[in-house]
Structures are given as structure tokens and as C-alpha cells.
1. Starting from 0.36 nm per residue, how many nanometres of slack lie between residue 251 and residue 337 once their C-alpha separation is accounted for?
2. Sort 280, 133 so that the residue with the fewest other Cβ atoms within 10 Å of its own Cβ comes first and the one with the most comes last.
3. Would you mind ranking 134, 185 by Cβ crowding within 10 Å, fewest neighbours first?
4. Go ahead and run the numbers for FRET between residue 162 and residue 187, Cβ-Cβ distance against an R0 of 30 Å, rounding to 0.05.
5. Once a ≥ b ≥ c are taken as the square roots of the eigenvalues of the Cα gyration tensor of region 66-283, is the result rounded (a/c under 1.5), prolate (a/b larger than b/c) or oblate (a/b not larger than b/c)?
6. Using a 7 Å offset from Cα along Cα-Cβ at residue 322, what residues in region 345-361 end up with backbone N under 14 Å from the label point?
7. Working out 0.36 nm times the residue gap between residue 135 and residue 362, then minus their Cα-Cα distance, what length gain in nm do you get to one decimal?
8. Can you list the residues, at least 5 places off or on another chain, whose amide H is less than 5 Å from the amide H of residue 154, using H built in the peptide plane?
Amino acid sequence: MARHTTRRAFLGAVGTAGGASVACSSGLSTGASEPALSHEAIPLDRPIPVEEVPTPALLIDVATMELNLAKMAAHAEERSIGLRPHTKTHKCPLLAKRQLAMGAVGVCCAKVGEAEVMVQAGIEEVLITSPVVTDDKIGRVVTLSKKSPEVALVVDNQPAAKRLNEAAAAQGVTQRVLVDLDVGTRRTGIAVGEPALELAQAIDGLPNLDLQGLQAYAGHLMHVHGHAERQERSLAALATAVETKRLIEDDGIELSVLTGGGTGTWDIDSAVDGMTDLQVGSYLFMDEQYRQIGSRNGEVFDDFETSLFVVVTAISQPAPEMITTDGGYKAFASDADRPRLADLAGVVYGWGGDEHGMLRIADALRPPQLGDRLWCVTPHCDPTVNLYDVYYPVRDGRVEELWPISARGKSQ
């Protein structure tokens, strides 16, 4: 997307989006310093047809996204389990509030900066799912908890817990914490069993920390191919977390939360006795990476439908079998599979550099033509979202407002 267009909207000036004026009612300053991004929808002066959206652009098929949200909410209600959706996927307070309105018990944030955006937007029940150990970030978390006492942070070592307690005491805060368990990902977390018990005991003895429960996120299993293997491995991993919870509670420490899971195991982990909520993220959007892992019913993971697309334009044809688009590495996260053309078979998307994509026309019945708008399924939705300032929400073939991706770039 043309960054200057949305930046004008954020600054409160008048820009254009596909020929339509963009008005922002947030009242943000137009001074030289970088403004805080609006958390509210940015209305357009007039609706624009989706065919006029400037590309590359990040589009949401709102009707499909709403179906995904409703399906997950109904599943949680049926299984009597909570949802704690991960905002690292959408980075948008508007969408987080929608998830909360549909019954979510809270939201997750991967980074302190994301949590700051959510709290600033009025979202109080926030869990920061990555441990922090430096004094500056510990201070930021405690300051955030002073604004919203329901902010919680995971902890996986005693020194960090002690420094967090000292910072909380200095500000007169009781900081909510969860013990982060390593259930096999080997990325963060303390070992299950006795090591986790010792950490829980240490935290329980710190007066300004309130131990809420455990986090058991098996991130290494979310993209295991084949539902049967994914189920077997996820149930085994979470069994160690359930046993650790029992061990800690037998020691007299009360735990009210056992949170974990994700989109890849949404229909598996909800059956685990003792799990209180699921940290699902990608389900509202979906991407190629998830599509290929398979579901309970087949080789394609189609439990939720694709609602997020990057739309690009065919801008050149350097050879008869090739079409160049205006979407390259800067339009898609390239850590996973290539983008897939949503409605155009027989065309393969390849990288043509930072700014361009190269379409190889193989067996297409209707080859793309210069000027065509092409809807692409993202390879990996989370990091692709982080490349854009706003979503273009599409309803009935037109866009009436922009949704700010307020937490984009909040990597600290």
C-alpha cells in the first residue's frame, strides 16, 4: 500500500485512496513528531469500489472473517472453554474488541509494545506471552499494570520474578503473572514438573506478584502436517502441563488459569481437561502456511475460510509467459510459502525483488491481463500484516472505512 496515503489519514489531513478522500476524525496533530496512531476506524469521504483500492493493499473480506469469528466462539461455548485470542496476528484494537464482544476472556500480546497499544485503546485483560528480563521492559509492564490491573506477564525464571516484584513494589502494584512452561517448543519457558513447582513456590513467596496460573503453548506443533499426528503430539505435550498444574496445586498454590493452544490445535486442545482457554490467532484470517497442514477431514486445513488477502496489480509483461505485479517482498512476508492466487489457477507467484512479484503463466485458462487486480492468499498472515498501516475492510464489494493496524512495528 502507498504509505503516504494512510499516513495522511493518521495525521488528520486529507489524502486519497483510489480517488476517494480520506478523512480522519481522531484529531491527531500534524506536527513534526511521529503521532500516535488512531485506534478507531478511519471513515472515507465516499465509499470506493474494491476495484479502485490502491495496490498493494491488505484487504479483509469482512463477511468471511465474521463467520470465522462466530465459528470459533460457538466452538468455545460448546466445549466450555475460554478464548484468549492472540493479537500478534491482527495487531488491531478494533478486531480485539470484536473478539472480546463475542465472548473472549481476554487477549494475548507477544510484546510489551503490543500490550501498550491494546491498553491505550481501552482493552484491559491482556496477557503478555513472552518473558521479559530487562529493567526497562519490566518497568513498562508494571506501569501498564498500574493503568490496568488485569495485565499479566509470563515468567520462566526466578531472577526475573524477583526484579519484577521489586519494580511492582516500587510502584505500589500487585503484578499478575503466569509461569511459562516449556512443553516441547524449546523457545521459552521453564521445564515442566519440579522446576516449574520451584518457580511457582518462589513466586508465591513474593508479596507483589499474584500467581494466576500457567501458560503451556506448544508452538512447535501448530503446523505439524496431518491431524492425527498433531493430535497425538499436542495431547501428550499438554498432559505434562496438566500434571504440572496438579503438582503445584497439591503444594497448596491455587491456579485458576492454564492457557495455551492455537489455531492449528483448536479442536484438539479444547478437549484437554484442565485447559481454561485457547490462544488462537490466525483463525480469523488464515494463510497458506495453515492451509497445508490438513484438518480432521482431509489434506487441506479448511476449518476456517480465508478472509485476508493482499491485492496486487499486473503492471508489466516482459515475456509472453510472465506477468509482473506491484507486490514483492515488501508486500508479503516471505518466511513461508509463496502467495497463492485466490481465484486464478495455473499461475505461479514468484519473487521479483522488493517491489515486484513475477507470475509464471503455466496452464491458466484465463491468463491475467495488464491492469488486472489479483487477490492473493498470504503465505503467513502475522508478519504480512506487520508490513501495512491499515486494513481495507470489504463489504458488498466496496470499502467505506480503513482499520488502523495500530500495533504494527511494536517489536519491543
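1. Details: separation 86, 0.36 × 86 = 30.96 nm, distance 4.67 nm.
Difference between extended and current length: 26.3 nm.
2. If I rank by nearby Cβ atoms, fewest first, I get 133, 280.
3. 134, 185
4. Once the sixth-power term is evaluated, E becomes 0.85.
5. Working: a/c = 1.86, a/b = 1.18, b/c = 1.57.
It comes out oblate by the Cα gyration axes.
6. It comes to 348-354, 356-361, nothing else.
7. Between residue 135 and residue 362, full extension yields 76.2 nm more.
8. Under 5 Å from the amide H of residue 154: 128, 130, 178.
Taken together, the values in this text are just the output of simple stated rules run on the coordinates, not laboratory data. Only a predicted model underlies this, so the values are computations on that prediction, with no experimental measurement involved. Cβ sites come from the backbone with ideal geometry, for glycine too, and all protein chains shown count toward neighbours.
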